[in-house]
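First comes the structure, then the notes that go with it.
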Amino acid sequence: MARTHNLGFPRIGAGRELKFALEAYWQGQSSRDELLALGATLRRRHWQDQAALDLAPVGDFAFYDQVLDMSFTLGNLPQRVQDFHGDTLDNYFRVARGRSAQSAQAHAHCCGGVAAGEMTKWFDTNYHYIVPEFSAATEFRLDASRLLDQLAEARVQGVKAKPVIIGPVTYLALGKAKDQSDRLALLDRLLPVYAELLAVLAAQGVEWVQIDEPLLVTELDAGWGDAFARAYQALDTGKVKLLLATYFGQLQDNLPLVASLPVQGVHLDAVNARDEVQALLARLPAGRVVSLGVINGRNIWKTDLNAALDWLEPLARQLGTRLWLAPSCSLLHVPVDLDSEQQLDGEIKSWLAFARQKLNELTLLATALNQGRAAVQAELDANRNAIDARRNSPRVHNPAVKAALATIDAQLGRRQSAYPIRAARQAELLQLPRFPTTTIGSFPQTAAIRQVRSRFKAGEIDVTAYRQAMQAEIARSVHEQEALGLDVFVHGEAERNDMVEYFGEQLDGYAFSQFGWVQSYGSRCVKPPILFGDISRPRAMTVEWITYAQSLTTKPMKGMLTGPVTLLNWSFVRDDQPRAASCRQLALAIREEVLDLERAGVRVIQIDEAALREGLPLRRAQWQEYLDWAVESFRITANGVDDATQIHTHMCYSEFNDIIRSIAQMDADVITIETSRSDMELLDAFDHFKYPNEIGPGVYDIHSPNIPSEEHIVQLMKQAAARVPAERLWVNPDCGLKTRQWHEVIPALTNMVKAAKTLRATL
Ligand code: GLN
Ligand code: ZN
């Protein structure tokens, strides 16, 4: 008898209830009790959704973040909030979100200003966790109250509860030592607290605890492998059974280690690591539970259940009750419920599964294994039909796109001449001053702009009225830029809701859900577009807006596009072809747009690759392969233009050391990057590598409402000029200005333009 369980359920709610409740609470519009009640309602509903499983996760619900929850459970609060005497939940939110000294004035007696915990990406997902903070002096102290409360709540509701915690080694690895001390040295202090937690759970009659160690799918640095052995020896107390959960990839070199740990069960991501199952089984001691993550927890496609059964049936015979089935990872990374979708194309919808549907698939698989396929024959047939329909659909397969893909050769991604020759031609044509000034694309997205867009979408205004309103916004931003005296203009992106969705909506091969929200961090959610088929561009997407903007000024107007790698990395993508193939299709489509812009007389074209770095695989060994096709895709997109056309790219992050060689291979004439908060140190990477083309290091931190002074910008640029020759430097903000207000942008850019003039006069 195979058993079913789940590793985690999306906590945000099918209607994003948690988001709205959190925001109301933070704004003082609802009470703590209301927020707590909503949390309980969501947990109840989500456990009901999982009622058919043999075990459901408890403790996967978090008001902000599961890693921050774990920090509180372990009593590891940042030093700066430890003397807080108010409510624990409020302290939790202080760590999560920080509190400005300003807003804290009213609370000076209780909480004061406090910096938010650092946030970073959870492995290779788009979920962000709050980084645990350590120092050599860190002590841990158990606070099991959250877990015990949720466990009690689950028990009352008849939930077959399996508490979920983050394992000690992954927990340490995810954190940062503020004093550069060795985090591993804390393991001996941490393990007794874990042991105590397991004992407390055991005292509650808990049989199984899921202990997550996704670190095991990464390359372990020296010492970390031993830490696993030491940790699990210490936690092998015989009081509860441990299910060691690994996910997001293969174990590879770590497989023998995993098999050797004294735990009662191991969960393997059988989507990514199916090939490792036999090797793991061969090594695991007799009697161990093997949980196979057979339903993909990272995408939105239906599982091919018949194919899964072909593979699982012999395993089920071999393993009997030792076989457990689950999604590959927590379902946190997929939307909640496909049934909410009323506007999605019916055919495409029939190919999809969100969290609730994925759990149905899981129970179907278990029933088929335990009672024979005949017990669920109708469902299996329906699944086969859906899988076959998708496989053969002309909506998915476009022979013209496949033919174009087959003709890609190295020539396609090559500029006509090398950078120095191009730079000369561009200089002649554009006649820019030294230290040219520009912005990254968007100007403030005012309430008025959003309203016009949503009224147009709702059919309340016609296309003529919409176009007029957008043109008025473009004209406004052109006039502001004239007044500011910038050198290379942008149209301001008023017509764009989002840099991926805007293009996805105009490309064939993309679909959009209404409610397919996935938590990104805290109350923030994203709704990734669904790339389901071969990508083609039926018509030009941006040319009309850019040429209108250009018609209003004699200054060069930058065409503004999102690059193929970013479109890919911020979408749910196909699982029936390699990511590289989908990326190349996107590249060909955006290339056509680049060429159309050039034909329309646009002389400067920016192709944003905001998400290129975050697509790096978990294992370093796989980085180069990714970078190769990512760079190739960018080059296909960008490099079909004439020497005189200036290609810009933009990346809003500041870690380039690892990827600088690939960035150079992209061969954009100009790259703008985020630097203002790093004091230009990151330019060292460009300096050491002798990055040959032009660079615009951001000098205005657009994430903050602060207005940078002229002196500050001059000083930053001087630091930049110490690393990069002045004639190759641009002056620009860190990123787009859409989240700022005009009354912030105008003085900031005024100072930026003044700073550029000072630099021209002095450097
Ligand atoms: N062109 C985009 C903008 O200015 C770039 C956004 C980004 O890099 N995230 O909004
Ligand atoms: Zn950016």
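Close lysine pairs were tallied over the range 129-279: pairs 8 or more places apart or on different chains with Cα atoms under 22 Å apart number 4. Counting only DSSP beta bridges whose two residues both lie in the chain, roughly 15 percent are antiparallel.
The trypsin sites (Lys or Arg not before Pro) found in the range 169-222 that occupy coil by DSSP, while having at most 14 further C-beta atoms within 10 Å, are Lys178.
Excluding same-chain neighbours fewer than eight residues apart, the lysines reachable from Lys757 by a Cα-Cα span under 30 Å are Lys555, Lys558, Lys690, Lys718, Lys738.
With axes computed from alpha carbons, what is the tilt in degrees of helix 17-26 against the longest principal axis of the chain, rounded to the nearest 10 within 0 to 90? Roughly 70 degrees between the two axes. In this structure the amide hydrogen of Arg496, modeled in the peptide plane, comes within under 5 Å of no amide hydrogen from residues 5 or more places off or on another chain. Please state the shape class of the range 293-332: rounded when a/c is under 1.5, otherwise prolate if a/b exceeds b/c and oblate if not, all from the C-alpha gyration tensor. The shape class here is oblate. Considering only Leu432, Phe515, Ala458, and ranking their Cα positions along the charge dipole of the range 407-560 that arises from unit charges at the beta-carbon of Lys, Arg, Asp and Glu, the one farthest toward the positive end is Leu432. Shown in residue order for the range 732-739 are the 3J(HN,Hα) couplings computed by the Karplus curve 6.51 cos²θ - 1.76 cosθ + 1.60 at θ = phi - 60°: 7, x, 5, 7, x, 9, 5, 8 Hz (x for Gly and Pro). Given a cut-off of 47 Å, what percent of all Cα-Cα pairs of the chain lie beyond it? Roughly 23 percent, rounded to a whole number.
How tilted is helix 419-430 with respect to the longest principal axis of the chain? Cα atoms for both, answer in degrees (0 to 90, nearest 10). Tilt relative to the chain: about 50 degrees.
Over the residues of the chain, the helix contribution to mean residue ellipticity at 222 nm works out to -13000 deg cm²/dmol, using -39500 (n - 2.57) for each DSSP H run of at least 4.
Taking amide H atoms as placed 1.01 Å from N in the peptide plane, the amide H of Ile166 lies under 5 Å from those of Asp212, each 5 or more residues away in sequence or on another chain. Annotation: average projected area of the range 1-84 is 7.0 square nanometres, based on the convex hull of Cα atoms across all directions. Compute the separation of the alpha-carbon centres of the range 491-528 and the range 113-153 and state it in Å as a whole number. Cα centroid to Cα centroid, the span is 29 Å.
What the Cα convex hull of the range 473-556 gives, in volume per residue, is 134 Å³. Going by neighbour counts of Cβ atoms within 10 Å, the residues Phe489, Phe93 line up, fewest first, as Phe93, Phe489. Computed from Cα atoms, the angle from the helix 742-762 axis to the main principal axis of the chain rounds to 60 degrees. A simple rule links phi to the HN-Hα coupling: the Karplus curve 6.51 cos²θ - 1.76 cosθ + 1.60 with θ = phi - 60°, which for the range 286-298 gives 4, x, 6, 6, 10, 9, 9, x, 9, 9, 5, x, 10 Hz, with x for Gly and Pro.
Ratio of Rg to Rh for the range 265-315: 0.98 [Cα atoms; Kirkwood radius as inverse mean 1/r over pairs]. The ranking of Tyr419, Tyr25 from fewest to most other beta carbons within 10 Å of each one's beta carbon is Tyr419, Tyr25. The tail of the calculated P(r) for the range 275-349 beyond 14 Å holds 70 percent of all Cα-Cα pairs.
The GluC sites (Glu not before Pro) of the range 659-763 that meet both conditions, a loop assignment by DSSP and at most 12 other Cβ atoms within 10 Å of the site Cβ, are Glu681. If you sort the three axes of the alpha carbon gyration tensor as a ≥ b ≥ c, you get a/c of 1.5 or more for the range 216-313 and a/b above b/c, which makes it prolate. Could you list which residues have their amide H under 5 Å from that of Cys525, counting only those 5 or more apart in sequence or on another chain, with H placed in the peptide plane? When sequence neighbours closer than 5 places are left aside, the close amide H contacts are Ser520. The trypsin sites (Lys or Arg not before Pro) of the range 493-591 that DSSP puts in a loop, and whose beta carbon has at most 11 other beta carbons within 10 Å, are Arg539. The tail of the calculated P(r) for the range 406-548 beyond 20 Å holds 66 percent of all Cα-Cα pairs. Shown in residue order for the range 713-719 are the 3J(HN,Hα) couplings computed by the Karplus curve 6.51 cos²θ - 1.76 cosθ + 1.60 at θ = phi - 60°: 5, 4, 5, 4, 5, 5, 4 Hz (x for Gly and Pro).
Quick note: the coordinates plus some simple rules give every number you see, no bench work behind them. Only a predicted model underlies this, so the values are computations on that prediction, with no experimental measurement involved. Note that each Cβ is placed from the backbone with ideal geometry, even for glycine, and that neighbours are counted across all protein chains shown.
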